[in-house]
1. Rank these residues by their accessible area, most exposed first, probe 1.4 Å: Arg265, Arg274, Arg243.
2. Suppose all protein chains stay in the model; what accessible area per residue would a 1.4 Å probe give for the range 191-253, in Å²?
3. Describe numerically, in nm with one decimal, the distance between label points set 7 Å from Cα along Cα→Cβ at Asp306 and at Ala183.
Amino acid sequence: MSGSADRDRVRRTARQIGLWTGVASAVVIAAGVGILVAVILATSRPQGDDRGTAGPGPGGLPVDNPDHIVVDVDRVVPWVIVLGVVGVALLGVIAWLMARRAVAPLEVALQAQRDFVADASHELRTPLTALSSRVQILQRRVARGEGIDDALDRLRGDTAAMDDILTELLLAAQADQGPVPAAATDAAAAVHAAVELIRPIAESAGVELRADAVPGIRVAVPEVTLTRLCTALLDNAVQHAPRGTPVAIVVGGGGGAVRGLAEFRVVDRGPGVRVEDRERIFTRFARGPETGRRRGFGLGLALVRDVATRYGGSVGIESTSEAGTTFLLRLPSALG
């Protein structure tokens, strides 16, 4: 389906470029011919006009013939040369512009490919890190002879989360930013899934996770997407939270319920965000100060904003200071 749409787009672009090239070339040629005709008419004169250059008549006698036009080649040739040079230059410019227009779809496709690779790499880093932590927990429990059934269940859950994330990324890449499908996701369930995914990372960082979700709140976002958004915000908070401090995610209606929005607040006790960085951190590959933990690539918050905007929501910094930062994610509530 996507390949057919791409082929149709390429054909449509090719037809447009061919049409524009033909029209532009015809205009340039017509203009050049018109100017040349005007120059010829301006520099021509009737035969024998005021110059005694009448052509030979019968018996070799000069006869004036106003029906014959005399054109001075020495006056016309420079115009022909100038018009030729200008015409070639204009056609070259037209060809350059059309070439740029022709490769525009390719540029868009390459950018989409790079974005997909970057997004997939970033989105899979968190569950991979969680999987690594789960495996280490399993190894320690096996070495101590402890039960591993619950750890295996969580390991399977993390694997399923990776599969869901990859599936959604592929669907989003094929959707071409089309209409967003209707959904009604329980906010508390998505928050719980995100907390469980981040928990081994938080434990390794010495950070305590807390969740407070008002029951009954449903959001018009697919469950895997909402889990991704909460996971990204929690992961960012854990990276910047000092060891021994909590990171909390609080879900409720608040003032947003009146406007049909559910609100997700992620609170940490990190060093805060500088004023000049409050918008920059939501752009791709923007990175804050190093925390001494996992190396970040500056994609998490940018992806959160992209996805939230796609579903009619928003994300931003509600408050920040040396005592910590609160990120506020707003998403449309599900109807009914």
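The values are calculated or read from the model by the stated rules, or taken from the named source; none is laboratory data. This one's a predicted model, so the numbers in the text were calculated from it and none came from an experiment. FYI the Cβ positions are ideal-geometry reconstructions off the backbone, even for glycines, and counts take in every protein chain you see. Just the protein is used for accessible areas: all its heavy atoms, side chains included, with ligands, DNA and RNA removed. Shrake-Rupley method; radii C 1.70, N 1.55, O 1.52, S 1.80 Å.
1. Final ranking, largest accessible area leading: Arg243, Arg274, Arg265.
2. 35 Å²
3. With each label placed 7 Å out from Cα toward Cβ, I get 1.6 nm.
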